[in-house]
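The values are calculated or read from the model by the stated rules, or taken from the named source; none is laboratory data. Not measured: the values here are computed from a predicted model. Reconstructed Cβ throughout: ideal geometry from the backbone, glycine too, with neighbour counts over all protein chains shown.
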Amino acid sequence: MSLADRRFLVIASCLMLSVASFAEEVKRPNFLFVLVDDQSPFDLKVYNSRSKLDSPVIDQLAAEGMVFDGAYHMGSWAGAVCTPSRHMIMSGRTVWHLPRRGSRKRGADAKPSFAPADLPENTMAAVFNRAGYDTMRTCKNGNSYAAANAKFQVSRTATKRGGTRETGSAWHADQVLDYLNDRQGDDPFLIYLGFSHPHDTRDGTEDLLAKYGAVNHKDRKTLPPENARQPELPVNYLPAHPFHHGHPGLRDEVSVSGVWERRDPQTIRNELGREFACDENIDRQIGRVLKRLDSLGELDNTYVIYTADHGMAIGRHGLQGKQNLYQHTWRVPLIVKGPGISSGSRATGNVYLLDVLSTLCDLAGIEPPVTNEGHSFEPVLEGERDAIREVLYGVYCGGTKPGIRCVKKGDWKLIKYDVMDGAVQKTQLFNLRENPHEFLSQHHAPVVNSLTGSVPGSHQLNLADDPKYSAKRKEMEALLLSEQRRLDDPYRLWDQPQN
């Protein structure tokens with residue numbers, strides 16, 4: 001049965017609940033929404049065949065469902081990128097239309113708020129509660145949308161970034177398992193399974209740290225030990241970003257325990273080992289939940305959505321955190337398995353995380369809330385379309401203003417930096433088909449050759465200042481300005497009209 005046919009039957013069953021036999025025949029689907037904290041898609045083999053990460057459960061989800069190659073988090077107006085990202089997931093609102101810190105300022109610094117006062121009543125759990133779903137959430141404390149989270153009927157919240165069962169990712173899985181074991185009745189459910197890892201501090205379990213050759217390094221004065229089992233450096237690793245990223249004193253770039261301001265290969269490989277240890281532990285915990293759903297007879301009727309709130313750098317381009325717009329950080333993993341989705345399918349998607357709410361509503365046969373601005377990607381899941389939009393916009397505005405902006409269309413991507421009070425004004429133009437890793441001139445031949453086995457030619461680097469691509473740069477800059485205006489971006493860059 002196709003997704004469209006299934007959706008029609010779900011809607012029809014909701015309209016004909018008085019006909020008991022028909023209602024029993026078409027059972028409304030369940031949802032398990034899995035959100036991990038700080039994970040680049042390139043950690044996973046389904047996005048990066050060179051990765052050493054073992055994630056058999058996620059690999060199986062991909063084999064049985066659909067992998068999205070173009071999923072993005074849109075961006076952030078805060079250093080804690082997870083905060084607006086999770087607001088967007090919960091509300092289906094675009095980045096500048098969210099409740100946000102700073103919207104109450106007066107005078108020249110005041111920025112308009114486009115968030116309706118009743119938005120919490122139109123967020124994920126509230127919508128599904130009204131539709132007769134049982135809703136449950138487990139996730140970290142803080143950096144989220146508290147008013148939306150409070151709408152879940154059951155909420156078990158704690159930040160768990162330790163290396164034991166009680167202090168790590170197993171705790172979040174345990175909350176879901178306890179909920180499944182205790183719940184009564186036959187109502188469909190929406191479970192939001194949020195993990196606190198692999199966000200730092202990445203204190204993995206002892207066995208997985210050993211597997212990836214990593215240690216929980218605590219001493220600022222020394223480097224972590226080398227170990228051949230550690231993951232290799234990312235292909236676009238740099239010992240330093242070529243110019244300031246625009247956020248002085250940024251926690252993720254200067255204060256992460258075990259890394260601090262170091263970007264040497266020894267430190268980065270150890271930190272990637274810690275990341276992978278946390279990633280694999282999450283994979284194990286998802287497996288426990290899926291096994292229980294299977295034993296309850298619910299798995300075949302459950303859509304499983306796996307994603308992250310944003311990506312991560314960890315040495316890529318000489319950066320450590322999530323406050324940038326390179327593909328490793330702007331992109332997110334997105335895998336969906338469920339009734340009617342073709343096994344082993346893959347699509348571009350061109351989706352934002354804010355599209356999740358309308359998609360879940362479509363799959364459940366629920367009308368999306370009037371406040372929703374996302375686009376359902378159900379047609380992609382059904383195989384009718386490869387993507388739901390042509391143009392993608394990204395922003396990082398958590399440091400010095402206006403910050404970083406990007407726009408992508410087809411193979412082309414433009415990134416612009418206007419930071420440090422005008423001291424850094426840079427433009428990057430990439431053809432992602434030719435240069436998927438966004439190599440810069442600083443990725444000189446010996447380094448790139450040792451990591452990838454190939455040497456980038458001039459056509460593979462930043463093309464912004466190449467006269468041959470001046471027309472393309474102008475086209476992409478006009479597209480960026482158009483998206484800024486459409487999305488109510490309150491800032492303009494140094495070379496843009498100020499309206």
- Task: Taking residue 317 as the residue in question, decide whether it is under 20 Å from the mean Cα position of the chain (by Cα) and more than 30 Å from residue 188 (Cβ to Cβ).
- Result: yes
Taking the range 413-441 and keeping only residues that are buried (at least 17 other Cβ atoms within 10 Å of the Cβ) and either aliphatic (A, V, I, L, M) or over 27 Å from the mean Cα position of the chain (by Cα) (or both), one is left with 414, 415, 419, 429, 440
Is at least one residue of the range 420-429 assigned by TED's automatic domain parsing to the domain that holds residue 489, free of Cβ contacts under 8 Å to residues at least 24 places away in the same chain and farther than 30 Å from residue 26 by Cβ? yes
Within the range 482-499, restricting to residues that are out of contact with any Asp or Glu (no Cβ under 9 Å at 6 or more places or on another chain) and in a helix (DSSP H, G or I), the one that is farthest from residue 419 (Cα to Cα) is 486
- Would a scan of the range 249-258 turn up a residue that is crowded, with 19+ Cβ neighbours inside 10 Å, basic (Lys, Arg) and assigned by TED's automatic domain parsing to the domain that holds residue 165? no
Scanning the range 292-311 residue by residue, the ones that are part of a helix (DSSP H, G or I) and either β-branched (Val, Ile, Thr) or loosely packed, with under 13 Cβ neighbours inside 10 Å (or both) total 3
* To do: Kindly check whether there is at least one residue in the range 71-78 that is modelled with pLDDT of 95 or more and touching a Cys at 6+ places or on another chain (Cβ under 6 Å).
  => yes
Item to complete: Would you check if there is a residue in the range 166-189 being among the aromatic types (Phe, Trp, Tyr) and either loosely packed, with under 14 Cβ neighbours inside 10 Å or modelled with pLDDT under 95 (or both)?
Response: no
